[in-house]
1. Would you mention how many residues in the stretch 375-415 are touching a strand residue (DSSP E or B) at 6+ places or on another chain (Cβ under 7 Å) and free of Cβ contacts under 8 Å to residues at least 40 places away in the same chain?
2. Regarding the stretch 416-438, can at least one residue be identified that is touching a residue at least 60 places away in the same chain (Cβ under 8 Å), under 23 Å from the mean Cα position of the chain (by Cα), under 30 Å from Arg360 (Cβ atoms) and surrounded by fewer than 16 Cβ atoms within 10 Å (Cβ to Cβ)?
3. So if I check each of Arg430, Arg412, Arg455, which one is out of contact with any His (no Cβ under 9 Å at 6 or more places or on another chain), over 30 Å from Lys230 (Cβ atoms) and among the charged types (D, E, K, R)?
4. If Leu340 satisfies all but one of (1) touching a strand residue (DSSP E or B) at 6+ places or on another chain (Cβ under 9 Å); (2) surrounded by fewer than 19 Cβ atoms within 10 Å (Cβ to Cβ); (3) assigned to a loop (DSSP other than H, G, I, E, B), what's the number of the condition it fails?
5. Could you list, in sequence order, all residues of the stretch 296-315 that are out of contact with any Asp or Glu (no Cβ under 7 Å at 6 or more places or on another chain), part of a loop (DSSP other than H, G, I, E, B) and modelled with pLDDT of 90 or more?
6. Do we have any residue at all in the stretch 76-91 that's modelled with pLDDT under 90, of a type outside the set (Phe, Trp, Tyr), within 27 Å of the chain's Cα centre (by Cα) and buried (at least 16 other Cβ atoms within 10 Å of the Cβ)?
7. For Leu413, are the conditions met, namely being in a helix (DSSP H, G or I) and surrounded by 18 or more Cβ atoms within 10 Å (Cβ to Cβ)?
Amino acid sequence: MKFSSSFKQRLNNQAERGLARRVLPLASFVLALALTTGCARPAAKRPTPQPTFANLGLHSLTDPGLKDFMERRLHQSLAQWPLRQWDYWHLTLAAWYFDPRLKEARDQWQRAKTELAAAHEGANATQARPSPAAEWLPPALSIRSPSLVIIQPPAAFSLPPGGAIQFQGKLGVKVTPRLAQAELAAESARCRMDEVAWEIRAEVRRSLVAYSTIVESEGLLGQVKKLYAKRLNSDKSPPEENPASKLARAQLRVQLALARLELVRTKLQETDARFRLARALALPPGGLLDVRIEYNLSRRTGGQWHAEDLRRRALQSRADMVQALARYRAAETGLRIAVLGRHRLAAMPTTYAWDQQRNRWVVSLKPPLPEKVLRGRAVERAEAKRVAAAARLLSLQTDIIDEVNRSVQEYRLAVQQLDATDDLIVAVLRQYAIAGRQVGAGAGDAPDPLLAGMRLVSLGVSKLGAQVQLQNALGSLDDSVQLPLEMIDPH
């Protein structure tokens, strides 16, 4: 069936208007998504007040001290300084170097370690504690201070069919109340330092993803503007053109003006995004104006991993979990001290351990000693504190497991969505290639360049939205696992 040229022109005009109505709002939607990117289910943490940087103007990415800091963290020398381009990991290191919140948390940890050393000296710790070399640590558990000590349960440790936890063996470590309090304070300070460092890293990631999304949106809008300008320049209609052609050209001019307006707005948002990223790095507002920033919005997790491995790492390394373990151990130590105050020959077994088969912590909620030993107001109060700490520990463990499972599922779906979008783009490009070969052979009509270009831009907007969702899902996965700083792969 053949159609008249005027009918084809009306179809093309309708298709152009339809694609234009979809492309520009979609670009605006992605920009709005970029401004809120990284907000994927924030963890329930205590809020960190934003610092007031008194010496903000002195911070610069050309600082020689930053170069030394990065070389120590990367374990390699930087041949070129300042760097030509900055990626996610380099910007994270810069934020750790400049942000005063991390320095304050590190100073608090140093003070807590000093108090712990004084408590050890006061309690004659060299005789009261076993040698650290004789202590057992769970596999792949990163112990960051002497305060978190897991004593190896005997081989008879098991989980009976009824679900009751059996602990056998004795623990006869003499610890004073001052030493127990100093250990807990040191571990809490260390965990707080990890929390602050992770919060800074998450802020850098969110700001960097938002900036990169706006830059990509700017490129898509630039393509839209070029398509409309090319169509207007290629249309050589005579002055006595018919009313339909005049209306079509007027519509093209309106769409071109809208594209230019949206592009100007996007450039303003790009400048604001740079300022926000500079703020996340504790740099002055203009600290990134002449800096080349690189971030791959299709970035995925490196290497092969399994959900069970991520859950294990989260339960063994997350700062809030490590702190909950330290608090439980402090409560257990308080009970041990209270028991030894009434029964000096009593030896209380350890009441928690890492279950390697189920990849989780197991804690005994039953009394660890006979009832006659646990009598007395001080002992009963200490036992109640231990049970309460155990309940908080197990509740946090359940929340972390659910969070990791949900993040893993969201990440996998986001990867599938981006892959499906890439497959669609490849299929459309193949379609256009086949049509071009048929036109060359004289077997068909050439596709309209404006329609084809606008369709590809629309697919580009869809891909950008899928990339943003992937980065949000990846950020949620990072936040749910929270590898300790010494285990983060810089590459």
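1. Of the residues in the stretch 375-415, 1 are touching a strand residue (DSSP E or B) at 6+ places or on another chain (Cβ under 7 Å) and free of Cβ contacts under 8 Å to residues at least 40 places away in the same chain.
2. Pass one, the stretch 416-438, residues touching a residue at least 60 places away in the same chain (Cβ under 8 Å): 418.
Those still in the list that are under 23 Å from the mean Cα position of the chain (by Cα) too: 418.
Now restrict to residues that are under 30 Å from Arg360 (Cβ atoms): none.
No, that holds for no residue.
3. On the way: Arg430 fails: over 30 Å from Lys230 (Cβ atoms); Arg455 fails: over 30 Å from Lys230 (Cβ atoms).
The unique qualifying residue is Arg412.
4. Single failed check for Leu340: (3).
5. Here is the first cut: in the stretch 296-315, the ones out of contact with any Asp or Glu (no Cβ under 7 Å at 6 or more places or on another chain) are 296, 298-301, 303-315.
Checking the rest, the ones that are also part of a loop (DSSP other than H, G, I, E, B) come to 296, 298-301, 303-306.
Answer for the stretch 296-315, where residues must be out of contact with any Asp or Glu (no Cβ under 7 Å at 6 or more places or on another chain), part of a loop (DSSP other than H, G, I, E, B) and modelled with pLDDT of 90 or more: Asn296, Ser298.
6. No, because not a single residue in the stretch 76-91 is modelled with pLDDT under 90, of a type outside the set (Phe, Trp, Tyr), within 27 Å of the chain's Cα centre (by Cα) and buried (at least 16 other Cβ atoms within 10 Å of the Cβ).
7. Numbers: in a helix (DSSP H, G or I): yes; surrounded by 18 or more Cβ atoms within 10 Å (Cβ to Cβ): no.
No; evaluated as a whole, the condition is false for this residue.
One line per residue, one yes/no per condition, for (1) surrounded by fewer than 20 Cβ atoms within 10 Å (Cβ to Cβ); (2) assigned to a helix (DSSP H, G or I):
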{"position": "Ala324", "(1), (2)": "no, yes"}
{"position": "Ala331", "(1), (2)": "no, yes"}
{"position": "Thr350", "(1), (2)": "no, no"}
{"position": "Arg358", "(1), (2)": "yes, no"}
{"position": "Leu369", "(1), (2)": "yes, no"}
{"position": "Val373", "(1), (2)": "yes, no"}
{"position": "Ala384", "(1), (2)": "yes, yes"}
{"position": "Leu394", "(1), (2)": "yes, yes"}
{"position": "Asp402", "(1), (2)": "yes, yes"}
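The values are calculated or read from the model by the stated rules, or taken from the named source; none is laboratory data. These numbers were taken from a predicted model, which means no experiment stands behind them. Counting neighbours? That spans all protein chains shown, and the Cβs are built from the backbone with ideal geometry, glycine included.
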